[in-house]
There are 4 protein chains.
Amino acid sequence: MDRKIRVTVWNEFRHECDGKHKASQVYPQGMHSVIAAALAREGDLAVRTATLDEPEHGLTADALADTDVLTWWGHAAHGEVKDEIVDRVHQRVILDGMGLVVLHSGHFSKIFRKLMGTTCNLPWREAGEKERLWVVEPGHPVARGLPPYFEIPRAEMYGERFDIPAPDTLVLLSWFKGGEVFRSGCCFHRGNGKIFYFGPGHETYPIYHQAEVQRVIINACRWAAPNGCPPPVFGNQKALELL
Amino acid sequence: MDRKIRVTVWNEFRHECDGKHKASQVYPQGMHSVIAAALAREGDLAVRTATLDEPEHGLTADALADTDVLTWWGHAAHGEVKDEIVDRVHQRVILDGMGLVVLHSGHFSKIFRKLMGTTCNLPWREAGEKERLWVVEPGHPVARGLPPYFEIPRAEMYGERFDIPAPDTLVLLSWFKGGEVFRSGCCFHRGNGKIFYFGPGHETYPIYHQAEVQRVIINACRWAAPNGCPPPVFGNQKALELL
Amino acid sequence: MDRKIRVTVWNEFRHECDGKHKASQVYPQGMHSVIAAALAREGDLAVRTATLDEPEHGLTADALADTDVLTWWGHAAHGEVKDEIVDRVHQRVILDGMGLVVLHSGHFSKIFRKLMGTTCNLPWREAGEKERLWVVEPGHPVARGLPPYFEIPRAEMYGERFDIPAPDTLVLLSWFKGGEVFRSGCCFHRGNGKIFYFGPGHETYPIYHQAEVQRVIINACRWAAPNGCPPPVFGNQKALELL
Amino acid sequence: MDRKIRVTVWNEFRHECDGKHKASQVYPQGMHSVIAAALAREGDLAVRTATLDEPEHGLTADALADTDVLTWWGHAAHGEVKDEIVDRVHQRVILDGMGLVVLHSGHFSKIFRKLMGTTCNLPWREAGEKERLWVVEPGHPVARGLPPYFEIPRAEMYGERFDIPAPDTLVLLSWFKGGEVFRSGCCFHRGNGKIFYFGPGHETYPIYHQAEVQRVIINACRWAAPNGCPPPVFGNQKALELL
């Protein structure tokens with residue numbers, strides 16, 4: 001891509017607005033602000049943000065048309081995301097090839113579940129335990145610049161059985177202190193688009209401030225950027241060869 | 001599986017009931033009757049049928065609870081399949097591991113699209129042209145007993161780009177006289193369940209009377225039969241190790 | 001398969017013959033004897049054993065022709081396995097579809113490395129630590145009858161990056177007390193054959209006496225049994241259509 | 001990658017040197033010259049060539065250390081490629097992540113067979129028939145800039161069953177006039193490296209002069225370029241956690 005990759009960082013942005021919620025201390029401007037700032041330091045990414053409570057959740061047709069990769073964080077208000085906006089995002093991924101980077105509790109968002117076709121449910125535990133992420137496909141673009149493993153000192157456990165389709169490429173695997181494993185870095189092709197699911201990111205730990213976590217999201221945005229491939233050809237066709 | 005595999009052969013059964021439609025001549029008792037008869041000749045399959053116009057489309061909770069593998073043919077009336085029944089089938093596949101064998105124009109059924117997460121759209125042509133199916137994964141259970149390729153003398157063309165997720169295993173690839181290729185035998189794991197998509201089967205050609213086509217469907221039913229695995233464990237978990 | 005699946009349990013059988021090695025206490029008759037006995041209790045498996053120090057390592061052309069699935073345990077003497085025998089096993093897998101179940105340190109055997117095409121190297125630690133195996137593809141035949149996870153009280157750690165091709169299906173993931181994860185249950189199609197790699201099995205812990213471990217090996221033998229598909233067609237071909 | 005991607009275009013270069021062989025007319029300077037010229041027109045690729053009859057086949061340790069992606073065309077003289085050079089290329093792919101783009105009859109090269117672990121054999125026919133390549137994964141980097149399909153007017157048929165492991169991503173599928181299909185654009189991760197197999201390219205047809213064919217090779221070089229990931233960590237490890 002010769003021009004900058006246009007990334008829209010989407011956030012539910014509710015926990016951080018609730019002064020009684022610890023997230024408001026860890027991310028006073030919202031997780032999206034920290035993520036967007038990290039992405040914006042990269043010269044090839046043009047970044048803006050959108051949140052649930054903006055009109056049309058900040059995801060108007062124009063905004064999406066102007067987005068190459070959308071990152072998604074949601075948790076408590078998945079149900080408030082309007083179905084028509086979910087359909088709009090879905091179409092933009094499948095038909096136009098917009099990339100989607102789904103973060104942490106975004107596993108249970110309407111858009112991720114619609115794209116995966118499964119429940120996307122999982123076992124979890126909120127105990128501030130250590131998570132260690134291992135690179136299992138080191139040659140993949142999402143692994144660029146990563147060490148063989150990195151640690152998150154305090155994380156929410158997400159474990160298996162994670163009810164997703166087997167990813168097209170499994171890049172990261174997590175170990176949790178409490179005894180679980182998790183497929184925490186998963187690549188999917190869907191339609192013309194590419195989707196990356198990334199496990200870390202609980203709202204009360206400063207995970208998005210961590211360099212390796214930012215590195216994965218940056219890599220994922222580059223990997224998920226659209227290919228510029230034409231829309232697919234469907235419907236009734238004439239024969240290319242004489243019948 | 002020590003007992004018989006219980007297969008329910010589902011059919012929209014509209015074309016065949018329309019005396020003016022050619023399907024009524026090729027399949028006077030409905031495609032489901034021909035498919036069910038072929039399956040019933042196998043000693044390890046217990047077969048029954050269900051159709052759209054039965055109450056609850058013949059897919060009551062009891063009927064599904066009594067089904068290990070469901071085969072699905074639909075075409076003109078996808079929209080008439082009730083969403084609650086689609087959700088019931090979806091749950092039964094994902095959580096209980098019921099197998100699903102999707103036939104031909106079933107690619108556009110609500111249940112297949114819901115499970116795949118993509119449009120499942122494709123280019124097509126109805127010209128009665130030759131289709132030749134090549135086995136590309138000969139060691140897979142669905143390929144058991146198949147020659148290196150087999151032909152369907154007159155088929156509807158279904159081509160690429162077929163908008164599905166890359167299958168977990170690609171077993172069959174089709175060549176069409178008119179110039180196209182098609183991923184016509186595709187295996188998917190979704191939740192606890194297994195799904196097989198099989199391309200051949202237009203309603204006005206006697207395709208389900210053909211031995212190789214029946215062989216593939218029989219193999220697919222055996223492959224897709226549930227594993228007896230327990231329902232997945234989701235939700236809040238205690239630590240297995242001391243934290 | 002209507003007849004019994006003929007399984008040959010192959011073992012290097014050196015550690016157990018060395019009275020000073022702890023393996024001689026844990027497996028006085030050899031690991032192969034314990035594995036073979038577990039398999040033989042299943043009514044559909046016909047089991048025999050073969051070991052390195054037999055003529056042709058017990059893997060004569062006749063013995064292989066009479067084998068549907070070969071299980072492989074080796075460790076200290078990989079280099080003593082003759083290349084011609086390796087080639088014979090390779091041909092039997094690729095062309096005839098014999099199944100291969102590679103156990104633990106068999107990851108570094110000549111035959112597994114030849115089939116994978118990579119180094120098959122990995123990080124490891126021998127500290128008798130706890131391993132917990134999680135089922136990540138519960139609908140797969142290899143997972144039949146398994147609980148969501150099971151534990152091995154004392155195991156050798158095998159970790160990532162495990163230098164193998166991404167498996168066609170990943171069934172089991174291991175957690176280790178010391179901080180690592182491992183893709184410990186991996187399915188591969190290669191040629192007409194199917195290969196399963198299974199991580200557990202160090203020679204000084206009684207791992208092959210454990211019921212869940214035996215269950216996985218039994219399941220793997222059934223899954224890996226050949227399909228009866230004809231040998232592939234290679235070489236110069238006439239056109240099927242008029243050119 | 002901030003610097004140019006260093007591509008070495010390797011060619012057996014025997015047919016073209018034989019004045020009686022038609023290849024000497026189609027590619028008087030060798031196929032590598034045409035491929036290299038096409039790559040060199042891209043601003044981000046630094047290209048050189050190497051051929052079989054150079055010392056060490058032009059693939060000295062220094063030359064490989066200076067190569068990010070190696071393209072490989074061989075046919076009649078696979079057996080003359082020295083095993084030590086094959087091992088050197090293999091190590092460079094697996095451990096250092098050098099990309100490898102294998103062209104046409106390179107399917108039967110020692111290096112491709114070693115990396116795949118299978119026979120890599122296939123059915124073929126030399127009849128100058130039409131090949132049509134369909135894009136089946138339009139979002140993949142190798143498909144960038146391609147139309148939904150493109151044609152090669154006169155090609156050698158390569159068909160299924162192509163004895164390779166299922167590719168990690170299948171990007172292109174070929175249709176042949178004579179009745180066959182072929183997985184003609186296949187991506188593989190192996191070790192730290194990435195491998196692309198591309199079907200077109202018989203030496204007596206001007207296939208490497210064709211723009212779409214050049215586009216695929218250019219895309220493949222970019223996709224296969226190494227990630228800069230550190231060499232994997234193998235061998236005995238201390239525990240990261242207290243045991």
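Hey, can you tell me all the residues within region D:29-77 that are open to solvent by 20 Å² or more (accessible area, probe 1.4 Å), charged (D, E, K, R) and assigned to a loop (DSSP other than H, G, I, E, B)?
D:Arg41, D:Glu42, D:Asp44, D:Asp53, D:Glu54, D:Asp66 - these are the residues of region D:29-77 that are open to solvent by 20 Å² or more (accessible area, probe 1.4 Å), charged (D, E, K, R) and assigned to a loop (DSSP other than H, G, I, E, B).
Among the residues of region A:210-222, is any on the phi < 0 side of the Ramachandran plot and either within 14 Å of chain B (Cβ to nearest Cβ) or in a strand (DSSP E or B) (or both)? If you could, list the steps in order and put the result at the bottom.
If we filter region A:210-222 for residues that are on the phi < 0 side of the Ramachandran plot, which is where we start, we get A:210-222.
Pick out the ones that are also either within 14 Å of chain B (Cβ to nearest Cβ) or in a strand (DSSP E or B) (or both) and you get none.
The answer is no, given that none of the residues of region A:210-222 is on the phi < 0 side of the Ramachandran plot and either within 14 Å of chain B (Cβ to nearest Cβ) or in a strand (DSSP E or B) (or both).
Scan region A:78-90 for residues that are over 14 Å from the mean Cα position of the chain (by Cα), surrounded by 15 or more Cβ atoms within 10 Å (Cβ to Cβ) and not basic (Lys, Arg) and jot them down.
If the condition is that a residue be over 14 Å from the mean Cα position of the chain (by Cα), surrounded by 15 or more Cβ atoms within 10 Å (Cβ to Cβ) and not basic (Lys, Arg), then A:His78, A:Val81, A:Ile85, A:Val86 are the ones that fit.
For region B:131-182, enumerate the residues that are over 15 Å from B:His107 (Cβ atoms), of a type in the set (D, E, K, R) and touching an Asp or Glu at 6+ places or on another chain (Cβ under 6 Å).
Matches in region B:131-182: B:Arg132, B:Lys177.
What's the total number of residues in region D:199-235 that are more than 20 Å from A:Val171 (Cβ to Cβ) and not small (Gly, Ala, Ser)?
Here is the first cut: in region D:199-235, the residues more than 20 Å from A:Val171 (Cβ to Cβ) are D:199-221, D:235.
Filter again for not small (Gly, Ala, Ser), leaving D:200, D:202-210, D:212-219, D:221.
Here the count works out to 19.
Filter region C:8-20 for residues that are over 17 Å from C:Ala225 (Cα atoms) and surrounded by 16 or more Cβ atoms within 10 Å (Cβ to Cβ) and give the result.
Of everything in region C:8-20, those that are over 17 Å from C:Ala225 (Cα atoms) and surrounded by 16 or more Cβ atoms within 10 Å (Cβ to Cβ) turn out to be C:Asn11, C:Glu12, C:Phe13, C:Arg14, C:His15, C:Glu16.
Among (1) over 18 Å from C:Val69 (Cα atoms); (2) in contact with a Leu (Cβ under 8 Å, 6 or more places away or on another chain); (3) not acidic (Asp, Glu), there is one condition C:Cys221 misses while meeting the rest; what is its number?
The number of the failed condition is (1).
Restricting attention to region D:223-243, report how many residues are within 17 Å of the chain's Cα centre (by Cα) and either β-branched (Val, Ile, Thr) or not in a helix (DSSP H, G or I) (or both).
Here the count works out to 2.
Can you run down the residue pairs with Cβ atoms below 8 Å, 6 or more apart or on separate chains, where the first is in region B:98-110 and surrounded by fewer than 24 Cβ atoms within 10 Å (Cβ to Cβ) and the partner is of a type in the set (Lys, Arg)?
Qualifying pairs under 8 Å: none.
If you scan region C:229-243, which residues turn out to be modelled with pLDDT under 95 and open to solvent by 50 Å² or more (accessible area, probe 1.4 Å)?
C:Pro230, C:Pro231, C:Val233, C:Leu242, C:Leu243, listed by residue number.
So which pairs qualify, if the first residue must be in region B:157-183 and modelled with pLDDT of 95 or more, the second must be among the polar types (S, T, N, Q), the Cβ gap must be under 6 Å, and the two must be at least 6 apart or on different chains?
B:Asp163/B:Thr118; B:Asp163/B:Thr119; B:Asp163/B:Asn121; B:Ile164/B:Thr118; B:Leu172/B:Ser184; B:Ser174/B:Ser184; B:Phe182/B:Ser174
Scan region A:204-218 and report the pairs whose first residue is within 11 Å of A:Arg154 (Cβ to Cβ) and whose second residue is outside any helix (DSSP H, G or I) and open to solvent by 20 Å² or more (accessible area, probe 1.4 Å), with Cβ atoms within less than 6 Å and a gap of 6+ or a chain change.
Once the first residue is within 11 Å of A:Arg154 (Cβ to Cβ) and sits in region A:204-218, its partners that are outside any helix (DSSP H, G or I) and open to solvent by 20 Å² or more (accessible area, probe 1.4 Å) give A:Thr204/A:Lys22; A:Tyr205/A:Arg154.
Look through region D:91-107, keep the residues that are hydrophobic (A, V, I, L, M, F, W, C) and within 23 Å of D:Leu39 (Cα to Cα), and return whichever of them is farthest from the other protein chains (Cβ to nearest Cβ).
D:Leu103
Test C:Val34 against the stated conditions and say whether it is among the aliphatic types (A, V, I, L, M) and either out of contact with any helix residue (DSSP H, G or I) (no Cβ under 6 Å at 6 or more places or on another chain) or more than 19 Å from C:Leu103 (Cβ to Cβ) (or both).
Judged against the criteria, C:Val34 is not a match.
A:Gly97 - would you say it is assigned to a loop (DSSP other than H, G, I, E, B) and over 18 Å from A:Ala220 (Cα atoms)?
no
Which members of region C:162-205 meet the condition of being under 28 Å from B:Leu243 (Cα atoms), touching a helix residue (DSSP H, G or I) at 6+ places or on another chain (Cβ under 9 Å) and open to solvent by 10 Å² or more (accessible area, probe 1.4 Å)?
Scanning region C:162-205 gives a single hit, C:Tyr205.
Kindly establish whether C:Arg88 is over 22 Å from C:Ser33 (Cβ atoms) and among the basic types (Lys, Arg). Working first, answer last.
Details: over 22 Å from C:Ser33 (Cβ atoms): yes; among the basic types (Lys, Arg): yes.
Yes.
Does region B:212-228 contain any residue that is at pLDDT 95 or above and more than 27 Å from C:Ala224 (Cβ to Cβ)?
Residues of region B:212-228 that are at pLDDT 95 or above, as a first pass: B:212-226.
Filter once more, so that each one left must be more than 27 Å from C:Ala224 (Cβ to Cβ): B:213.
Yes: one or more hits.
For region C:111-137, what are the residues that are open to solvent by less than 10 Å² (accessible area, probe 1.4 Å), more than 19 Å from C:Asp168 (Cβ to Cβ) and charged (D, E, K, R)?
Across region C:111-137, the qualifying residues are C:Glu129, C:Glu131, C:Arg132.
Residues that are away from chain C (no Cβ under 14 Å) and within 25 Å of A:Phe196 (Cα to Cα): list the strands (runs of 3 or more DSSP E) wholly contained in region D:113-209 that include at least 2 such residues. Explain how you work it out, then say what you get.
Numbers: elements: D:123-135, D:149-158, D:169-176, D:181-190, D:193-198.
Qualifying strands (runs of 3 or more DSSP E): D:169-176.
The values are calculated or read from the model by the stated rules, or taken from the named source; none is laboratory data. Remember, predicted model here, so these are calculated numbers, not experimental data. Using ideal geometry, Cβ is built from the backbone for each residue, glycine included, and neighbour counts are taken over all protein chains shown. The protein model used for the area step is the full one, side chains on, heavy atoms only, and it has no ligands, DNA or RNA in it. Shrake-Rupley method; radii C 1.70, N 1.55, O 1.52, S 1.80 Å.
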